[in-house]
Amino acid sequence: MPHSRSGPTDPPGPTDPGTSRTRAAPDAAAGSAASEASVADLRVLAHPLRLRLLSLLTGEAYSAAEAARLLDQSQANVSYHLRRLHKAGLVEAVGEVTVRGGTAKRYRHDPDSGERLGRGVPQGVDAYLALAGALGEELRRRTAQRDTGVRGEMTDAEVWLDPEAWAGVRERAREVGDELHRCALPPGTDGAVRVSATMVLFAMRAAEATPSAGPAG
């Protein structure tokens, strides 16, 4: 899937009503429309097949028919989801292939395109929950195909970090994501290792603070 720093990108300032540092706040109707559009942009990822398509199109460009064969899906289904991803700017047409006397577009995914998702307005938690559901379903599919003879890595945490440490962790995670996508090879490349990677790092609300210690004694 693409890199995404989903969430606010810049803190509001005196001339920044929460949407732009250089523009005045839009009226309520415009703000609502912008919010709906942004949520739709984020939710475009909230489908397991779209996540699979983005991974597939990172290593190589494919047409809808080619991608459908590789993913064991119908061409109509893949075409529909490709159109949605293309409209969101997550895949781009990079060439054509001859099919049955005609031509079909081949698409490629640029992982950096995810930077545009959900930018400019706050995201509702429902959008993130929808994406988490798709990520979970895709993780289960991949885990069923895990090669248990090859060592992997896993971590899970809900911890409290110093802000500087948190910023460092996010940056290193981004570097790992950059390397994964930069080194992606076409599926089935001889000698290559088929790998799964899912990282979701985010700050949580501080409402559930650590309980205070009970009375001494």
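The values are calculated or read from the model by the stated rules, or taken from the named source; none is laboratory data. As the structure is a computational prediction, the values presented were derived from the model and not from experiment. Backbone-built Cβ (ideal geometry, glycine too); neighbour counts: all protein chains shown. Quick note on the areas: whole protein, heavy atoms, side chains included, nothing else; ligands and nucleic acids left out. Shrake-Rupley method; radii C 1.70, N 1.55, O 1.52, S 1.80 Å.
Listed values, structure above:
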read-out: Yes/no for G152 being touching a Ser or Thr at 6+ places or on another chain (Cβ under 6 Å) and either at pLDDT 95 or above or small (G, A, S) (or both); value: no
read-out: Which listed residue is in contact (Cβ under 8 Å) with a residue 40 or more places away in the chain, surrounded by fewer than 14 Cβ atoms within 10 Å (Cβ to Cβ), of a type in the set (A, V, I, L, M) and more than 20 Å from L57 (Cβ to Cβ), from V150, V159, V193, V125; value: V150
read-out: Pick from segment 171-186, criterion part of a helix (DSSP H, G or I) and without any contact (Cβ under 8 Å) to a residue 40 or more places away in the chain, ranking: surrounded by the most Cβ atoms within 10 Å (Cβ to Cβ); value: L180
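Here's the yes/no breakdown for (1) open to solvent by 60 Å² or more (accessible area, probe 1.4 Å); (2) under 21 Å from P186 (Cβ atoms); (3) more than 14 Å from the chain's Cα centre (by Cα):
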{"position": "L57", "(1), (2), (3)": "no, yes, no"}
{"position": "A61", "(1), (2), (3)": "no, yes, yes"}
{"position": "E66", "(1), (2), (3)": "no, yes, yes"}
{"position": "L70", "(1), (2), (3)": "yes, yes, yes"}
{"position": "Y80", "(1), (2), (3)": "yes, no, yes"}
{"position": "V97", "(1), (2), (3)": "no, yes, yes"}
{"position": "K105", "(1), (2), (3)": "yes, yes, yes"}
{"position": "R116", "(1), (2), (3)": "yes, no, no"}
